[in-house]
Amino acid sequence: MGELKNFVASQQDVVVRVKEAGRQVALAGLGLVEVLKVEGEKLQAVDFNAKAEELKAKALELKTKLQGVDVKAEAEKLQAVDFKAKAEELKTKLQGVDAKAEVEKLLAEAQKLFADLVAKGENRAA
């Protein structure tokens, strides 16, 4: 009989945890809606004609710079590069990277983002 009570209690605990997780996901969804609304308002405020003119000016500037590049000289520079040494240098750098720490850092950032979305959802729901 004690095992049955424990089983029922554990099932109720699972139900409570699932409900709480569902509530947090729903609030995160509301938070995401709020973030998208703000970003949409920012996009509506953008003057696309001015951006197009700015991009045209940058393209012309880049075209002028590219016309001044001596392709033969750049090709010779590339041929002089010791790729094996560069590969060894990169290999050494990668050996110094702590992958587990990087994964933990990314996980913490994802959890923070989720918590922020939940908070925004709670604010919107209130």
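Values quoted throughout were computed directly from the atomic coordinates according to the rules given, and no laboratory measurement underlies them. From a predicted model like this one, the values you see are computed outputs, not experimental measurements. Cβ coordinates were reconstructed from backbone atoms using ideal geometry, including for glycine residues, and neighbour counts include every protein chain displayed.
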> Given 0.36 nm per residue, what is the gain on full extension from GLU20 to VAL69 after removing their alpha carbon distance, in nm?
Replying inline: 11.5 nm
> Pairs LYS58/LYS84; LYS37/LYS105; LYS51/LYS91; LYS37/LYS112; LYS42/LYS112: which exceed 30 Å Cα-Cα?
Replying inline: LYS58/LYS84; LYS51/LYS91
>> Around LYS105, under 15 Å between beta carbons, what's the net of Lys plus Arg minus Asp minus Glu among the other residues?
In response: -2
> Only one of the listed values, (1) 1.19; (2) 1.25; (3) 2.00, was derived from the coordinates as Cα Rg over 2.2 N^0.38 Å; which label is it?
Replying inline: (3)
